[in-house]
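Everything below concerns the one structure shown next.
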Amino acid sequence: METSVLNRLDKTAAAFPDKVMFRDETAEITFGEFDRLTKAVGTYLSQRVPAGSPVAVMSGRHILTPSCFLGAVRAGCFYAPMDGDMPQTRLNQIIGVIRADFMLVDRAHLETAQALDFDGEIIVFEDIRDTEPDEALLAAREKTLGCTSPLYVIFTSGSTGVPKGVITSHQSLMTYIDSVAKVLDINSTDILGNQSPLDYIAAVRDIYFPVSFGASTYIIPKNEFAVPTTLFDTLNREKITALCWSVAGVELPAKLGAFDVSKPEYLRKLCFSGSVMPCKYLKIWQEHMPDVLYVNQYGPTEATASCTYYVVKEKVNDDTVLPIGTAYDNYHVMLLNEDNTATPQGETGEICVSGPILALGYYGNKEQTEKSFLQNPLNDNYRELIYKTGDLGHFDENGVLHFHGRKDRQIKHLGHRIELGEIEETAKKIAGVTDCCALYYKDKATLYLFYVGPATSKEIVLYFRQNMPAFMVPRKLINLEALPTLPNGKTDMQTLKSYFK
């Protein structure tokens, strides 16, 4: 039985010692070299850090960062990745939550780390990478790990303004990775193209597919996503076969006409998640890449990244709305009404998840953990925790789940309940709208639509009046060059709310 991800790393390092595990634009590292680095870091940390402790990690977008993560795990610890490009205030908030005594940084982020409100010891990766591995010490530390031990803490936004640290166990991560790999048929011949920041939940696929199956990952330079033709050249040069990207990442090449110049010749598998896919862009992918396996994923960080999937077998149209599908292996998805009763088939309820993939909770936040991870109200016979996602959906007659937006994006305006996601989907059907976000200014009872594209306010209002009831027509339309985004690629709604007046 596998008790930790280290069992997997030991096997792949032994099976593929000379194969490239990670590459970036300047360097590469083999499985054997990666294994030795994790043991060097693990040995150093084991001599200073108690087993079971959190280790904050601030390292850049390069091949050595995953070895910092797994080095902490070698020491019997768990890691909390931090993006050094975040505002200092946000980084200090994360430090305040995780309360780590040790922070592992690459030299490029040393000054950033030193400027933070951190009272612990800062360890520079480059200073310890040549530490001689102590196999006996590492073996003793590995014995302290069990399948339910914490593996990492990923920070997400919190409703109170303080980030929440979602704790994921070894078992949850391995269950998720195995389930996704089964659907995508990931194996040692695959080369993945990493898009997500390495501190973000979506990057676990790009890190742990190699760890688990001997695949390789190329870390794509961030600036290439602004030049899709260059991006496609990179995918072809690196012979990328599989992509697990955000919807925004998939949209951009199609939106900017990259397929008019070239296409990713080696690509065979593409999964996307994070938001609703505008199918007018997926249609372009399908037209140019008809043999690619397209998979729509849905799920929160609290359920280890994604809990449902939908294989897109049909040819989509501009107005197609994709289902979010069926549960991955070892996931159970149910719908509950507001009174915690089961939602009848065909009706809309809150999406709830259970299974071994549930997070261990929010780090250092017992109150929020108990509010979010609850006993299944449909089960009075034994302990079964569920996570209530706050998202709405319904099961169709075939048991396929369809997404209906978030509970907290459902508003009541002029006596009518409105899903802001519906406003957005309507706007995206307008030829001159390439991106948008709908928000509600409750104090003034005003619907706002922020949009990108050449459409005029008059054209948008006319389209809405022709296609939607009057109470769903946005009253304030603001045209932007681009929607502001958070580091994870999602829309920064707090910045948009600054336009309220």
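Determine whether L358 is among the aliphatic types (A, V, I, L, M), in a loop (DSSP other than H, G, I, E, B) and open to solvent by less than 50 Å² (accessible area, probe 1.4 Å).
yes
How about the stretch 69-103: which of its residues are in a loop (DSSP other than H, G, I, E, B), of a type outside the set (A, V, I, L, M, F, W, C) and open to solvent by less than 40 Å² (accessible area, probe 1.4 Å)?
From the stretch 69-103, those in a loop (DSSP other than H, G, I, E, B) are 75-77, 83-87, 99-101; that's our starting set.
Imposing the further condition that a residue be of a type outside the set (A, V, I, L, M, F, W, C) reduces the set to 76, 83-85, 87, 99, 101.
Once the filter is applied, which keeps residues that are in a loop (DSSP other than H, G, I, E, B), of a type outside the set (A, V, I, L, M, F, W, C) and open to solvent by less than 40 Å² (accessible area, probe 1.4 Å), the stretch 69-103 yields G76, D83, G84.
Filtered by the rule that a residue be farther than 20 Å from Q410 by Cα, touching a residue at least 24 places away in the same chain (Cβ under 8 Å) and either aromatic (F, W, Y) or surrounded by fewer than 17 Cβ atoms within 10 Å (Cβ to Cβ) (or both), the stretch 342-355 gives A342, Q345. Among the residues of the stretch 53-72, those that are under 26 Å from T26 (Cα atoms) and either hydrophobic (A, V, I, L, M, F, W, C) or touching a His at 6+ places or on another chain (Cβ under 8 Å) (or both) comprise A56, V57, M58, S59, G60, I63, L64, C68, F69, L70, A72. Of the residues making up the stretch 371-401, those that are touching a Ser or Thr at 6+ places or on another chain (Cβ under 7 Å) and either without any contact (Cβ under 8 Å) to a residue 60 or more places away in the chain or open to solvent by 50 Å² or more (accessible area, probe 1.4 Å) (or both) are N376, E384, L385, I386, K388, L392, H394. When residues in the stretch 463-474 are screened for being of a type outside the set (A, V, I, L, M), out of contact with any Pro (no Cβ under 8 Å at 6 or more places or on another chain) and surrounded by 13 or more Cβ atoms within 10 Å (Cβ to Cβ), 2 of them pass. All of (1) surrounded by fewer than 24 Cβ atoms within 10 Å (Cβ to Cβ); (2) polar (S, T, N, Q); (3) in contact with a strand residue (DSSP E or B) (Cβ under 9 Å, 6 or more places away or on another chain); (4) in a helix (DSSP H, G or I) hold for T175 with one exception: (3). Taken over the stretch 311-338, the criterion of being on the phi > 0 side of the Ramachandran plot and in contact with a helix residue (DSSP H, G or I) (Cβ under 9 Å, 6 or more places away or on another chain) is satisfied by N330 alone. Just to verify a result, which residue in the stretch 241-270, among those that are farther than 23 Å from I207 by Cα, in a helix (DSSP H, G or I) and of a type in the set (A, V, I, L, M), is most open to solvent (accessible area, probe 1.4 Å)? Among those residues, the one meeting the criterion is L252.
The strands (runs of 3 or more DSSP E) located wholly in the stretch 275-349 that include 2 or more residues which are of a type outside the set (V, I, T), closer than 23 Å to K490 by Cβ and touching a strand residue (DSSP E or B) at 6+ places or on another chain (Cβ under 8 Å) occupy 293-298, 308-311. Inclusion of T495 among residues that are of a type in the set (V, I, T), at pLDDT below 95, open to solvent by less than 90 Å² (accessible area, probe 1.4 Å) and at negative phi is warranted.
Residue selection: F22 satisfies the criterion of being in a strand (DSSP E or B) and either open to solvent by less than 40 Å² (accessible area, probe 1.4 Å) or on the phi > 0 side of the Ramachandran plot (or both).
Within the stretch 363-370, at least one residue is open to solvent by 10 Å² or more (accessible area, probe 1.4 Å), in contact with a helix residue (DSSP H, G or I) (Cβ under 7 Å, 6 or more places away or on another chain), closer than 17 Å to A303 by Cα and outside any strand (DSSP E or B). If only residues of the stretch 411-438 that are assigned to a loop (DSSP other than H, G, I, E, B) and basic (K, R) are counted, the one that is modelled with the highest pLDDT is K428.
For L336, state whether it is open to solvent by 20 Å² or more (accessible area, probe 1.4 Å) and at pLDDT 95 or above. Quick ask: steps written out before the conclusion?
Numbers: open to solvent by 20 Å² or more (accessible area, probe 1.4 Å): no; at pLDDT 95 or above: yes.
So L336 fails the test.
For the structure I just gave you, tell me whether I460 is in contact (Cβ under 8 Å) with a residue 12 or more places away in the chain, open to solvent by less than 30 Å² (accessible area, probe 1.4 Å), outside any loop (DSSP other than H, G, I, E, B) and not aromatic (F, W, Y). Don't jump to the end; show me each part of the working.
Numbers: in contact (Cβ under 8 Å) with a residue 12 or more places away in the chain: yes; open to solvent by less than 30 Å² (accessible area, probe 1.4 Å): yes; outside any loop (DSSP other than H, G, I, E, B): yes; not aromatic (F, W, Y): yes.
Yes; evaluated as a whole, the condition is true for this residue.
Being open to solvent by less than 10 Å² (accessible area, probe 1.4 Å), more than 29 Å from T343 (Cα to Cα) and in contact (Cβ under 8 Å) with a residue 24 or more places away in the chain is a condition met by no residue of the stretch 402-425. Scanning the stretch 181-190 for residues that are within 20 Å of V20 (Cα to Cα) and of a type in the set (A, V, I, L, M, F, W, C) turns up A181, I186. Scanning the stretch 48-60 for residues that are at pLDDT 95 or above, closer than 21 Å to P487 by Cβ and in a loop (DSSP other than H, G, I, E, B) returns a single hit, S59. When the residues of the stretch 191-238 are filtered to those that are farther than 11 Å from F22 by Cα, charged (D, E, K, R) and modelled with pLDDT of 95 or more, the one that is surrounded by the fewest Cβ atoms within 10 Å (Cβ to Cβ) is R237.
The values are calculated or read from the model by the stated rules, or taken from the named source; none is laboratory data. These numbers come from a predicted model, not from an experiment. Glycine gets a Cβ as well: all are built from the backbone with ideal geometry, and neighbour counts include every protein chain shown. All accessible areas refer to the heavy atoms of the entire protein, side chains included, with ligands and DNA or RNA removed. Shrake-Rupley method; radii C 1.70, N 1.55, O 1.52, S 1.80 Å.
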